[in-house]
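Below you'll find the structure, written out as structure tokens, and then a few comments.
The values are calculated or read from the model by the stated rules, or taken from the named source; none is laboratory data. Bear in mind the structure is a predicted one, so any value in this text is a computation, not a measurement. Please note: Cβ atoms are built from the backbone with ideal geometry, for glycine as well, and neighbour counts cover all protein chains shown.
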Amino acid sequence: MTFIWTTIGALLTLSIYSFLYKDNPFYKFAEHLVVGVSAGYYLVIYYFNFIHPNVFSPVFLLRMGGEPIGFGSFLWWMALIPGLLGILLYARFFPKFAWVGRWALGVYVGGYAGLGISPVMQARVIEQLRANAVSVAGVEDPFAAMTNLALGVVIFAAMTYLLIVKRNLGTKNLLAKIGVLLVSAVMGYAGWWVLSLISSTGVVSLTNILLVVGLLGTLSYFFFSMKHKGLLGGLARVGIAFLMVGFGASFGYTVMSRVSLLIGRVSFLLHDWLHLID
Amino acid sequence: MRREIPLAITFLIGIFMLVDFFVPHHVVSSSAEEMKQWGTIIIAASILLGVGNLIRVHFHKIRRRREGWGYSITTLAIMAIMFAFGGPWGTIEEGSAFNWMFLNMQVPLQSTMFSLLAFFIASAAYRAFRLRSAEASLLLIAAIIVMLGRVPLGQLMTRSWPEAVQLPNMTEVIMAYPNMAAFRGILMGAALGVMAMGLRIILGIERSYLGGEK
Amino acid sequence: MTMKLLRSLTFLAVVSLAVCACAQDARPDSSAAMSLDTVPPAPITCLEARDYVDNSDAGDKIHITWSLSADDGGGMSDVASYQLWRSEGAEAGWDSLGVAAAGQTSYLDETAEPGVDYYYGVAAFDGVNYSEQTSFGPVAGRTNFFQKTRVSVLVLMLVFFGMVLVFTKLAERGADLFVRRIPGLNAIEEAVGRATEMGRPVLYVPGIGEIDNIMTIASLTILSHVAKITARYETPLIVPTARAVVMSAAEEVVKEAYAAVGKPDGYNPDNIRYLSDAQFAFAGAVNGIMLREKPAANLYMGAFWAESLLLAETGFEAGAIQVAGTAMVSQLPFFVTACDFTLMGEELYAASAYLSREPKLLGGLKGSDWMKVLSITIMATGVIIYLLNPDNAFVAWFSSQ
Amino acid sequence: MSWAEKVLKVDRRWIFLAIGIAVTIPFFLPLGLPVITTPPVQSLYDAVDELEPNAAPLLLSIDYAPATLPELEPMSMAILRHCFEKDVDVVVMTLHPAGYGLAERAVLNAAEEYDVTYGEDFAFLGFQPGVSAVILGMGINIRNVFPEDAYGTPLDELPLMQGVRNYDDIPLVISLAGWSAAEAWVYFAYQPYRQTVGAGVTAVMATDFYPYLNAGQLVGLLGGMRGAAEYEGLVQHPDQGTRGMDSQSVIHLLIIVLIAIGNTAYFMARRAKAPSGGGVS
């Protein structure tokens, strides 16, 4: 029995992989199958996990979580109201009353819009600002931190100058441009390393300055109220540079997880199905 | 009235949920919990709308004998079977037919579809990572360093180099500083976008999701 | 059970250590090396009890804090635990409340009656003797209406909302608010135009987020704009969705858009489709649409997870022009590499405001911009103040809970 | 068409074929490349390692679904082995509706390898719907959310749960998730209760979690199969994670070689078209 089911799973797996060659009947079959299976699955799961225990059972069977509840009691109403809101959605099936479906949508969207705002402010703005500030300033030797802050400003100013005034990094040739960028990256990295040999505090605050510069640049890129010219233009270009490094890095970082999934499937085919490896 | 009532509901519930974050009073927080529960029930109830749409679209396809109508029969049939097994003979309990179908059809199909990404990420990298401009070179170089730094091979290649330029360490530095700075920037910008949009929704300025703008 | 066992074990260990320590050095005059400890530990100091505010406050919690006894970790190092008592009046008897392990400086009393005045007493215990009891009171638990630790969140939020509303009002009065062009927005119109020329449909994927996700709502706003263009050009618009509620909202949006440009008959309900709640079943089905119905323009706007690259690579292979927009940080790299244009992060939200050109929506954009300036200022101030004094109130104020 | 142009326009199916071959070979010919530990993994390992044996339990929330199994299951196995090896008590739960079977399978498989008893050394609480409500509720009292374990035994009858009321009695929570559950632990357990939280996430999500790690909201982080392999190395029990890393090395190298070929061809083709080599593109 298990072997039959595993074989079905394996054949479906191969059908999906056949898509890599081209669209074909096997893939079409697998695609339509999974849509059907998941529709049936969610229909059942949503009913038995949400609707039945939280609406149907309390409202009609007067039982909630195994405990009896009274008809017309507070809990009964608290089960009836969302049930009615859910039913309002079905008003769409009758075009004349479709508009009452918006009440349910209003509750849902309004509720989550309100719910989302404050935690976003807390975790994505304030906490990140605080972390950035603390990690920049949080070194033991304030003097070293100040020196490095100044150093960071100088490096930053130089970068901005290169990117704005010498817009194209002083040259028109693409290869030379890339060369300039590479050399400055290598120099920067070497400088960072030399500094790390001299003072560990210095390194911490210097690398943290990257955080400030990057954040400033990226936020400038997302500044919509002014044309990206002059100082703002330079800042935005610095931001783009950081974004590019970030995108490249997370692309490279992701390859591993995608390959992991493939390994999982190959291991299913070779190990669980064909028993070719142990 | 057709538009004012839902907007009023949105406003009242939105403000209440917003205030809940700052008001620890147990009556407020437990009512907010209750309303979150309502949300899940509304979503659960909506599945019927989705399935209705699915049936309608595939039914039209079959009735008009449009290309690929045979596959539509597969979809509808398997959905009916799944639904029929789901109710009376147990849902996610170990060993039920419903669970078997889930584990041996939906799970392998979904994870195989997911794993196609291993192929696509390679073809996307091959096509897109070209030294077309100075900015593109940053993308490419960061990607290569991180790709090498993530695997044991990269560690072996640079094992005898100074610590600062060992690939895994460079990867850590790139991930922890420039990458994080950029992503913090995106996160913060997007967070402000979310808050502004949330405010507009609560105030009823943004109402396209209710259909139209009038 | 295990906790109690552990506690008694540590207690035994501490006691025996203390006894040994006494035996070895401290008192040459106490000749009986193993004699019983008769010296009580030093009392605790700085005892305070405060009403405790958590996220669901029924007024039944009081937080008690103190400074360690001098003999805990220092001095004779013989404190094993702290005993806590509670009393309902200065003259009333003391009831045992609980025990805190050595080294702890706080205890949460969760059994308080709301509104009743309590007195708390704490004494260090070395296994044999109690120190002198330190007391504090009266204090009463209250059901609070404001979470004080979140005041920074509230203030910044109100400032932000204030800015948004002020700019919105300004815009309504006709002030000319400049908003720079967002690259990628033109691309949407070009893509739709090309699809029309080729006589092929436009595919609009509003992401797989639920409608509670703000990205999805932004996407529906953009959809309304796109639907108006396709309605005018009479280009079919296919909208596959992964959530039933989003599907029904999309139906409304598209239907209204077709009606708004005077072509209500062009609307085809079979083109707004619910495919599957399951992420990859959805992605697989959208891939099928791309290969079989051959849209010439694919627009991906909204919240995307791993399916982003599955869609974008298939769309590329099928030869469509692709424009994406999402604030999902982890998926941006894939859209950026595989699509012709990408609206990144806040640009997605900005796009919906920009497209509608409604002054009300532009106000929000302005507000966010000035919030960015304020954020940077706060961060810079924070750094400087922190360097001068790490324990300042400014930084602490931002540590919300 | 020059060879460079041919290379640039290569049918992507050849790339697919190369990837397919590259992933399969290490299954038959293991390379056994060593793995070096990174700081986020080390700090999570240390956090687990510092837990007292047979004392307050580690709460392991196995929140992944089948789709992310290959990356995250090696993590749960490695962490569970670490705990059982050191006699640290473990309480397992899940926040994902499809995670019940996976969580149970992981904990039972790991328990089989060691001399541990259900109820004394480990427990499985099962699944409760509602992510934020579950996490917040457990901060007040675990019994409000999970009155009994997955098999219907009241929590008070499990020896290891006695004296465990809420987060005050749990020194460490680790969430292994391929979706936003790990973030929810940060928002709803760390933020309000200052509960120490560690996470194991897919490699792609790890990027999003660096800010939390940096801000001290997470004590440690395992990212993807590599994180699992590193943890396997630390507990000296190489398994799926370590084996998978060989395939990873080969494919990563292959992609880099492909990028190099693509760029060489790109510059050859450019040179052929525009001899000056200039121009901004």
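Listed values, structure above:
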| read-out | value |
| --- | --- |
| Residues located in region C:138-160, provided they are crowded, with 17+ Cβ neighbours inside 10 Å and farther than 24 Å from residue B:26 by Cβ | C:156, C:160 |
| Candidate set from region C:354-364 (those that are more than 22 Å from the chain's Cα centre (by Cα) and within 11 Å of chain B (Cβ to nearest Cβ)); member that is surrounded by the most Cβ atoms within 10 Å (Cβ to Cβ) | C:363 |
| Candidates C:350, C:320, C:327, filtered to the one that is surrounded by 20 or more Cβ atoms within 10 Å (Cβ to Cβ), in contact with a strand residue (DSSP E or B) (Cβ under 6 Å, 6 or more places away or on another chain), within 28 Å of residue C:210 (Cβ to Cβ) and among the small types (Gly, Ala, Ser) | C:320 |
| Residue within region B:3-14 that is over 30 Å from residue C:52 (Cβ atoms), surrounded by 20 or more Cβ atoms within 10 Å (Cβ to Cβ) and at pLDDT below 90 present | yes |
| Subset tally (residues that are acidic (Asp, Glu) and surrounded by fewer than 20 Cβ atoms within 10 Å (Cβ to Cβ)) for region A:8-43 | 1 |
| Helices (runs of 4 or more DSSP H) (entirely within region B:103-214) containing at least 1 residues that are aromatic (Phe, Trp, Tyr) | B:107-128, B:178-203 |
| Scan of region B:156-172 for residues that are among the polar types (S, T, N, Q) and surrounded by fewer than 21 Cβ atoms within 10 Å (Cβ to Cβ), ordered by number | B:158, B:160, B:166, B:169 |
| The one condition in (1) without any contact (Cβ under 8 Å) to a residue 24 or more places away in the chain; (2) among the basic types (Lys, Arg); (3) in contact with a helix residue (DSSP H, G or I) (Cβ under 7 Å, 6 or more places away or on another chain) that residue D:81 fails to fulfil | (1) |
| Subset of region D:181-210 that is facing chain A (nearest Cβ under 9 Å) and farther than 20 Å from residue D:132 by Cβ - its residue that is surrounded by the most Cβ atoms within 10 Å (Cβ to Cβ) | D:202 |
| In region C:329-353, residue nearest to residue B:122 (Cα to Cα) [restricted to those that are more than 9 Å from every other protein chain (Cβ to nearest Cβ) and either under 29 Å from the mean Cα position of the chain (by Cα) or β-branched (Val, Ile, Thr) (or both)] | C:335 |
| One residue from C:45, C:65 being surrounded by 14 or more Cβ atoms within 10 Å (Cβ to Cβ) and either within 30 Å of residue B:27 (Cα to Cα) or at pLDDT 50 or above (or both) | C:65 |
| Close pairs (9 angstrom Cβ cut-off, 6 or more residues apart or separate chains): facing chain D (nearest Cβ under 7 Å) in region A:255-266, in a helix (DSSP H, G or I) and acidic (Asp, Glu) anywhere | A:256/D:71; A:257/D:71; A:260/D:71; A:261/D:71; A:264/D:71; A:264/D:73 |
| Residues that are in contact (Cβ under 8 Å) with a residue 24 or more places away in the chain and more than 8 Å from every other protein chain (Cβ to nearest Cβ), drawn from region C:371-401 | C:374, C:397 |
| Flag if residue C:352 is in a loop (DSSP other than H, G, I, E, B) and farther than 16 Å from residue B:120 by Cα | no |
| Search result, residues across region C:291-309 that are within 13 Å of chain B (Cβ to nearest Cβ) and crowded, with 24+ Cβ neighbours inside 10 Å | C:301, C:302, C:304, C:306, C:307, C:308, C:309 |
| Residue check, residue A:215 outside the structural domain of residue A:6 (by TED's automatic domain parsing), under 30 Å from residue C:373 (Cα atoms), modelled with pLDDT under 80 and crowded, with 22+ Cβ neighbours inside 10 Å | no |
| One residue from B:196, B:181 being among the small types (Gly, Ala, Ser), buried (at least 20 other Cβ atoms within 10 Å of the Cβ), more than 7 Å from chain A (Cβ to nearest Cβ) and more than 30 Å from residue D:31 (Cβ to Cβ) | B:196 |
| Residue list for region C:92-111, filter: within 29 Å of the chain's Cα centre (by Cα) and either assigned to a strand (DSSP E or B) or in contact (Cβ under 8 Å) with a residue 60 or more places away in the chain (or both) | C:106, C:107, C:108, C:109 |
| Segments classed as helices (runs of 4 or more DSSP H), wholly inside region D:5-115, with at least 2 members that are surrounded by fewer than 19 Cβ atoms within 10 Å (Cβ to Cβ) | D:12-28, D:39-49, D:100-112 |
| Filter result (over 25 Å from residue A:272 (Cα atoms) and either at the interface with chain B (Cβ under 8 Å from one of its Cβ atoms) or assigned to a helix (DSSP H, G or I) (or both)) within region A:3-27 | A:25 |
| Yes/no for residue B:22 being at pLDDT 90 or above, under 30 Å from residue C:141 (Cβ atoms) and either at the interface with chain A (Cβ under 7 Å from one of its Cβ atoms) or buried (at least 17 other Cβ atoms within 10 Å of the Cβ) (or both) | yes |
| Which listed residue is outside any loop (DSSP other than H, G, I, E, B), facing chain B (nearest Cβ under 7 Å), among the aliphatic types (A, V, I, L, M) and over 33 Å from the mean Cα position of the chain (by Cα), from A:34, A:107, A:55, A:44 | A:55 |
| For residue A:75: the one exception among (1) within 11 Å of chain B (Cβ to nearest Cβ); (2) closer than 20 Å to residue A:48 by Cα; (3) exposed (fewer than 13 other Cβ atoms within 10 Å of the Cβ) | (3) |
| Qualifying residue in region B:81-95 (condition: more than 7 Å from every other protein chain (Cβ to nearest Cβ), assigned to a helix (DSSP H, G or I) and within 25 Å of residue C:248 (Cα to Cα)) | no |
| Matching residues in region D:150-171 - criterion: being modelled with pLDDT under 85 and facing chain C (nearest Cβ under 8 Å) | D:163 |
| Meets criteria (more than 14 Å from chain B (Cβ to nearest Cβ), over 30 Å from residue D:138 (Cα atoms) and part of a strand (DSSP E or B)) for residue C:70 | no |
| Positions within region B:100-132 being more than 19 Å from the chain's Cα centre (by Cα), at the interface with chain A (Cβ under 7 Å from one of its Cβ atoms) and farther than 24 Å from residue B:168 by Cα, in sequence order | B:100, B:101, B:102, B:104, B:105, B:108, B:119 |
| Single residue of region A:44-56 satisfying the filter (in contact (Cβ under 8 Å) with a residue 12 or more places away in the chain and closer than 23 Å to residue B:96 by Cα) that is surrounded by the most Cβ atoms within 10 Å (Cβ to Cβ) | A:51 |
